[in-house]
Amino acid sequence: MNERRAGQADTYFEKKKLRAGLAALGRSLGASYIARSDEGIFRMIASFGPFLEADSIFCYLSRGTEPDTRKLIRLALSLGKKVYCPAIPEKGRMTAVRLTAPDRLKTGMFGIDEPEGCETAGPDEFGFSVVPCLSAAPDGTRLGYGGGYYDRFFAGTGPVLNAAVLCRERLLSAELPTGEYDVVFGNVITEERIISAADSPERRPRAGTHNGEEKGSRDCTENAP
C-alpha cells in the first residue's frame, strides 16, 4: 500500500512539472502557427470517418490556445448531428449538455463557455467524442489540466475507442506518465496526422470507476429537483 501511494505521489509531481512546462510552451506558440494548426486539425477531423458517421458527438468548447472546436461544432450542427458539450454544475463534476445553436452559450464555472440548455446525455451515448489536452501521446494517453474532470466523466464506460484527443503537433509527447484513473482514448489528432492508439505498442488498458452519472438522455423537466 505504501509503495502504491509513493508511486501515485511520484506520478502526481511528474505531471505537475510537465503541466507547467507544456502550458508555457503552449503560450509561446505564434499566432501564425496556431492558425495553421487549427485549420489542419479541422481538416483532419472533418474528414475522419468515425466523426462523419456519428449521429451525436461530444465536443469541448475551445478557449485560449486550445485547438479550435467552434468551427467543428458549427459543421456538426449543419450536418444534423446532436452536439453535447461539457458543463460543470458543481466543482468536481462534469456533465454533457446539448448545444442546439453555436451562439446558445453561457459563462459557466471557471469562466468557461457551456450550453444554455439542460438536455444531458451520458458518455456511452455519443457516437464520437472530442477531448482537449495540454499534451497527448501516440498510445492515446493525455495530460489534462489537473482537475480530473474528463477522466471521471468517461470512467467506467469501457474503452473510449470512438474518441479523439486534439493536440497540436508541437505539443505531442512520445509518452506521458499515467495514474490509476487516467483514461486512454482511441485516437490522437494533430494538424499533420491521425494516430490510432490501437496501433501503438504502448497501448494500455483503461482503469477507473464510474462517476455516478446516470445513463440516458434527460431533458429540463427530468432534471428539475
- Message: When you scan region 197-210, do you find a residue that is modelled with pLDDT of 50 or more, in contact with a helix residue (DSSP H, G or I) (Cβ under 7 Å, 6 or more places away or on another chain), among the aliphatic types (A, V, I, L, M) and under 27 Å from LYS17 (Cβ atoms), even just one?
- Response: no
- Task: Kindly provide the set of residues from region 98-118 that are of a type outside the set (Gly, Ala, Ser), in a loop (DSSP other than H, G, I, E, B) and closer than 15 Å to CYS59 by Cβ, ordered by number.
- Result: THR100, PRO102, ARG104, ILE112
- Checking SER62, SER47 in turn, the sole residue that is at pLDDT 95 or above and touching a Lys or Arg at 6+ places or on another chain (Cβ under 7 Å) turns out to be SER62
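Considering only residues that are part of a loop (DSSP other than H, G, I, E, B) and among the β-branched types (Val, Ile, Thr), look in region 43-71 and name the one that is farthest from ARG168 (Cα to Cα).
Residue satisfying both the conditions and the ranking: THR69.
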- Do we have any residue at all in region 76-97 that's outside any strand (DSSP E or B), touching a helix residue (DSSP H, G or I) at 6+ places or on another chain (Cβ under 7 Å) and in contact (Cβ under 8 Å) with a residue 40 or more places away in the chain? no
- Query: Would a scan of region 43-56 turn up a residue that is buried (at least 19 other Cβ atoms within 10 Å of the Cβ) and under 16 Å from the mean Cα position of the chain (by Cα)?
  - Reply: yes
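The values are calculated or read from the model by the stated rules, or taken from the named source; none is laboratory data. Everything quoted here is computed from the prediction, not taken from an experiment. All Cβ positions, glycine included, derive from the backbone under ideal geometry; neighbour counts span all protein chains shown.
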